[in-house]
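A short reminder: the numbers here are calculations on the coordinates, not readings from a lab. Just so we're clear, the structure is a prediction, and the values are computed from it rather than from any experiment.
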Amino acid sequence: MKSNSSRKIGLAVAQMGPVNLADSRAAVVRRLVEMLREAAGRKADFVVFPELALTTFFPRYWMDEGEIVERFFERSMPNPEVQPLFDAARELSIGFYLGYAELTPAGRRFNTSILVDRHARIIGKYRKIHLPGHSDHKTEAPFQHLEKKYFEVGDLGFGVWDIDDVKVGMCLCNDRRWPETYRVMSLQSAELIVLGYNTPSKNIHWNEPTHLRTFHHEIVMQASAYQNAVWIGAAGKCGHEDGFHMIGGSMIVAPSGEIVARSSGEEDEVIAARIDLDLGTTFRDHVFNFARHRSPEHYRLIVERVGAGDPLPAAVLE
Ligand code: ING
């Protein structure tokens, strides 16, 4: 049943066009600030930026790890180069999600995202759990996908935080392909899940038809938004980065599974929607009323097994 005062917020997704090897952090941050201002102009309360938003998608390159860390990782957040984004957010009273490569004081490396509130305070951090790709040098491949070489598996789990009375969860890129990602957050009452992605349009492992990249990108988020009764804001970094293409298709998906806004190009582009959080409540009260309909005692394999194994002994028919 819709409450009389439905809870609506302005959500913006700031898609980024290419970031090339030659692009400085300062130039990239200027682009982010410009999109933050455009989002504020469109009455957004919160803006989603992409995964690894400050640099090119460097896991495509085989490099010495010392050089990779030196060139592409952030030692602190915020830091002098990113500070203008935090300052603009505070000035405009707007929150944001930002993906970046994190080097911890102990020297650990993660593919990380943060949630920042309208006072420019970091209130949540996530470290990517589903790392795709490989760690070996595939010399025959047109490019690499070395997330398993450059990052550790995240150690913070999937969290949900309260921003202006909205329960917000977050993840990163490949995480969006795994149903467990969303379920762990919707079981923590997430209403909105935000994520950034960098998705190459070419598969280096087999000759995958290009259209499937966009098709799979859409269905995983449409299905998961519906199955978990959450809104999803997904921001891509896309286009040709030094000639290597990544898909666009940044979008806002409703708990109904419908795409309510999506980018049309492959450059910097802000999409926005006024989202009604009560739409999720309706689905959570009925079709996906977890407490009424779920039977975890029958789902144990999901947690107990990593890879597929033998069938369970079939229930004996009386
Ligand atoms: N990129 C891709 C993604 O999951 C990928 C990698 C693409 C894996 C297609 C499997 C299939 O969107 C990142 N950065 O995870």
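Rounded to the nearest Å, what's the spacing between the alpha carbon centres of segment 52-118 and segment 238-299? Just the number, please. Taking the Cα centre of segment 238-299 as reference, the centre of segment 52-118 is 24 Å away.
Straight Cα distances below 16 angstrom link Lys148 to the lysines Lys128, Lys138, with same-chain residues fewer than 8 positions distant left out. Of all beta bridges that DSSP places with both ends in the chain, some 65 percent have antiparallel geometry. Straight-line reach from Lys43: taking Cα to Cα under 27 Å and skipping same-chain neighbours fewer than 8 places apart, the lysines in range are Lys2, Lys8, Lys125, Lys167, Lys237.
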